[in-house]
Amino acid sequence: MKKKLTLLLMLAMAFFSAGAQNISLQKGWRLSIGDSPTWSSPGFDDSGWQRADLSKSWEQQGHPNVDGFGWYREHIVIPSSIKEKAFLKDSLTFTLGSIDDNDQVFLNGKLIGEYGGLGGVITESHYGPRNYTIATNNPAILWDKDNVLAIRVFDTGGDGGVYGSFFNIHMTDVMEHVEFDKNHDFSFGDNNSLGKSIVLTTKNKYNYKGTVLLKVIDPETNAVVLTKKTDTAHFTEGKPFQWWFTFAAAQKKSYIVAYVFTDKKSGKSIYDRETTPYMLTPAVSKLPKINGASIFGARPGHPVLYLIPATGQKPLKYKVQGLPEGLTLDAATGIITGTIDKKGSYPLVFTVTNSKGSDTKKFTLAIGDNIGLTPALGWNSWNAWGLSVNDAKVRTSAREMAERLSAHGWAYINIDDGWEAEERAANGKIATNSKFPDMKGLTDFVHGLGLRMGIYSSPGTRTCGGYLGSWQHEDDDAQSYADWGIDYLKYDWCSYGQIAPQNPNLDEMKKPYLVMRKSLDKANRDIMFSYCQYGMGDVWKWGAEAGGNSWRTTGDITDTWRSMSEIGFKQDPAAPYAGPGHFNDPDMLVVGKVGWGPALHNTRLTFDEQYTHISLWSLLASPLLIGCDMGNLDRFTLSLLTNDEVLAIDQDALGKSARQYGDKEGVQVWVKEMKDGSKAIGLFNTSNKYQTLSLSANDPAIKGYTKFRDAWRQQNIPAVSGKVAPHGVLLVRVSK
Ligand code: GLA
């Protein structure tokens, strides 16, 4: 698997390594493929091992197609002088670039850090870089003597090994574990004011005392609109410093907040910045309103589960006209269940009533061979929890979705990697690990809320996280999923790279997906089939015919502008292949609190970048899979995910993806045709400055269209034109 080091992390690493006394670990490594417990031992003679190059994966160093175990070893003297010269003397950090995928790190035979599905404790984020910090009095360190650092790597597929940009040992710098903790959300006050706690934390015992200087900058004019300073910034491990600041009239657009903390004694500073949130989605009305797609597909004889998405003051009462025999409606919850044996297109009329009024909507239940007629709307555990996902986290997500999101059409709760055992049960059946004691019980719970349940596997022997895959157990696994009541399967290539021939041709790429397709077809359930093979072989050209309901078109996304925008704006080649029942999947959403492991952070996308992300993915008719901690949805994220006019663009029954209409320096225009003859148009400002973006009335994209509506603000506008913030968007629906 390929990993990405983000620019930000690289800058941060460069910053921290600049002042520190580094012992370079860039050279001197030896590599051996395979596995042995003796290889961690300092006495082991590794002189026969090949010399390793840390700028390359092991595939690129003569081990093509090797997945599984390999070891890196290095002899290194750690001089006590670095401790003497350091400002802080209590801990030593090993910075180990990227490790692909999972690792255990030994110093002189003693385990000092580990990550991933090797039975290890999952404390780090999946995509690294791996930084392991140990106390300077740890007896594993042999000061001024020969030390042996050994890394046991477990690669689950694709490239493998230890490689990347930064490899060193350094005394943990005085500012290394100091952070402006940006995970305290802004609070929205009266008169458009914003408030927030500036929080400084550290993992060091050192007593920090100094100054915080804060500046608020208007990105439209570059003017500093507010400066604040305090000399009272005192903090140490476990005792953060908190400083409340408020900013009047801040909710109309996004501002930049820049901070500097300077520690008096060491003279060192750290910098950080963030943007301020502003909400575009209007408040939800108390009047009843039916949301969501206008069509749902199911196969004959298979269980149907559909929750009528509706907002409005509770209690709501639901009614359905034309409900075919075999289905029943719960009038209090709006959940439709049952089965229909006969193929056909069933026209229904939904009515939802409360004390304020009622709303009706025409709806089609399409019983036939195709499911997933509009892109899946749901949650997936990966971008939030990585391999640390567990039963409780899934239940929280389901509860929160039912409480706050399902009224807008959100329906899937998908567990990604990390639920599987490391070995199969004696009868060959897939088993769960201890984090998921009762998969059937969990699925029943999710279904009880009117939501559907998804799961994850790999056609290889191992998943990307190192857990069990489905190789040669496809029928067994599909049956287990059906027994549990699973409704969605993400099937991730991972270690199948070991089984497929090198440079597989198209047939060889399709093969594992066709095998699982057959197995799923034998199960008596509608299971959405989501291909995850990172776009190999232009999967969009054949994914539908090979039985996929969606297919990943790219490698893994991360929460940076660079990652999100590079993926999103490169989707045009795949766009013509999207349609009802089969959609391009440019990977899951990176809004809200993400982390790929147990420690989460607010997405590093600015608020305008988040508007761009949701707008672009909706225009692309992409599955929208929320990748954040649902138990901690802040007001902004919630407003971002509950804009019914924006979601309607994604959920349009025509199922077309937007096409790239304009691409010039700093501006992207994407146009999506909609079922009712209207169009959804995104005008994106990809530059770093405010711009006015417009389409003239004569522009072929809108010629003859007379009604323009700003989808985020849900307001009619006189022309397709608006001031757009850096990395922001104007999303317009135009009709005749
Ligand atoms: C791959 C996929 C991710 C996620 C992980 C799980 O990297 O692309 O979306 O499923 O595997 O290990």
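Check which residues have an amide H placed less than 5 Å from residue 69's amide H, if you skip close sequence neighbours.
Result for residue 69 returns 34, 155.
Provide 540, 379 in ascending order of the number of other Cβ atoms located within 10 Å of each residue's Cβ, fewest first.
Ascending number of Cβ neighbours within 10 Å: 540, 379.
Between residue 222 and residue 187, what is the spin-label point distance in nm, taking each point 7 Å from the Cα along the Cα→C-beta axis?
Placing both labels 7 Å along Cα→Cβ, they lie 3.6 nm apart.
Give, as a single signed number, the net charge of other residues whose beta carbon lies under 13 Å from the beta carbon of residue 293, with Lys and Arg counted +1 and Asp and Glu -1.
Summing Lys/Arg as +1 and Asp/Glu as -1 gives 0.
Can you spot the aspartates and glutamates whose alpha carbon is less than 18 Å from residue 703's alpha carbon? Ignore those fewer than 8 places along the same chain.
673, 676
Want the number for residue 337 to residue 392: 0.36 nm per residue separation, take away the alpha-carbon distance, what's left?
Full extension from residue 337 to residue 392 adds 17.2 nm.
Can you give the Kirkwood hydrodynamic radius of the chain from its Cα pairs, in Å with one decimal?
Final number for the Kirkwood radius of the chain is 27.5 Å.
Expressed in nm to one decimal, what extension gain is obtained for the pair residue 570 and residue 165 from 0.36 nm per residue of sequence separation less their Cα-Cα distance?
143.1 nm
Taking residue 56 as the anchor, which lysines have their alpha carbon closer than 18 Å to its alpha carbon, excluding any fewer than eight residues away along the same chain?
Result set, ordered by chain and number: 2, 3, 4, 27.
Hey, could you grab the Kirkwood Rh for the range 377-657? Inverse mean 1/r over distinct alpha carbon pairs, Å, one decimal.
18.7 Å
Given points 7 Å out from each Cα along the Cα-Cβ axis, report the residue 36 to residue 203 separation in nanometres with one decimal.
For residue 36 paired with residue 203, the spin-label model returns 3.4 nm.
In the range 676-715, which residues have a backbone nitrogen under 18 Å from the label point lying 7 Å from residue 735's Cα in the Cα-to-Cβ direction?
Taking a point 7 Å out along Cα→Cβ of residue 735, the residues of the range 676-715 whose backbone N falls under 18 Å are 676-682, 702-715.
Subtract the Cα-Cα distance of residue 317 and residue 330 from 0.36 nm times their separation in residues, and report this length gain in nm to one decimal.
The span from residue 317 to residue 330 would gain 3.8 nm if fully extended.
Once R0 is set to 45 Å, what does the formula 1/(1 + (r/R0)^6) return for the Cβ-Cβ distance between residue 699 and residue 283, expressed as a FRET efficiency to the nearest 0.05?
My answer for the efficiency is 0.85.
Give me the tail of P(r) for the range 356-477 as a percent: Cα-Cα pairs with distance above 17 Å.
The share of Cα pairs beyond 17 Å in the range 356-477 comes to 63 percent.
Determine, for 613, 75, the number of other Cβ atoms within 10 Å of each Cβ, and report the residues in order from fewest to most.
With the fewest neighbours first, 613, 75 line up as 75, 613.
Would you mind putting 357-365, 271-279 in packing order, based on average other-beta-carbon counts within 10 Å, highest first?
271-279, 357-365
Where the Cα atoms of the range 21-171 are projected onto their three principal axes, how long is each span, largest first, in whole Å?
45, 33, 26
Give the calculated FRET efficiency between residue 403 and residue 505 to the nearest 0.05, with a Förster radius of 41 Å applied to their Cβ-Cβ distance.
About 0.25, to the nearest 0.05.
How large is the charge dipole for the chain, taken about the Cα centre, if only the Cβ atoms of Lys, Arg (+1) and Asp, Glu (-1) carry charge, to the nearest 20 debye?
Result for the chain is approximately 2240 debye, rounded to the nearest 20.
Mind scanning 435/490; 510/570; 145/265; 393/522 and naming the pairs with a C-alpha gap bigger than 25 Å?
Going by Cα-Cα distance, 145/265; 393/522 fall outside the 25 Å limit.
Once the Cβ-Cβ distance between residue 716 and residue 269 is put in as r, and R0 is 51 Å, what FRET efficiency do you end up with, to the nearest 0.05?
For R0 = 51 Å, the calculated efficiency reads 0.55.
What are the membrane-span-like helices in the chain by this rule: whole DSSP H runs, Cα extent along the axis at least 27 Å, mean Kyte-Doolittle hydropathy at least 1.0?
TM-like helix candidates: nothing returned.
Which value in deg cm²/dmol, rounded to the nearest 500, describes the helix-derived mean residue ellipticity at 222 nm for the chain, given -39,500 (n - 2.57) per DSSP H run of n ≥ 4 and division by the residue count?
-4000 deg cm²/dmol
Read-outs: derived from the displayed coordinates by stated rules, not from any lab. Source: prediction; values computed, not measured. No Cβ is skipped: glycine too gets one built from the backbone with ideal geometry, and neighbour counts run over all protein chains shown.
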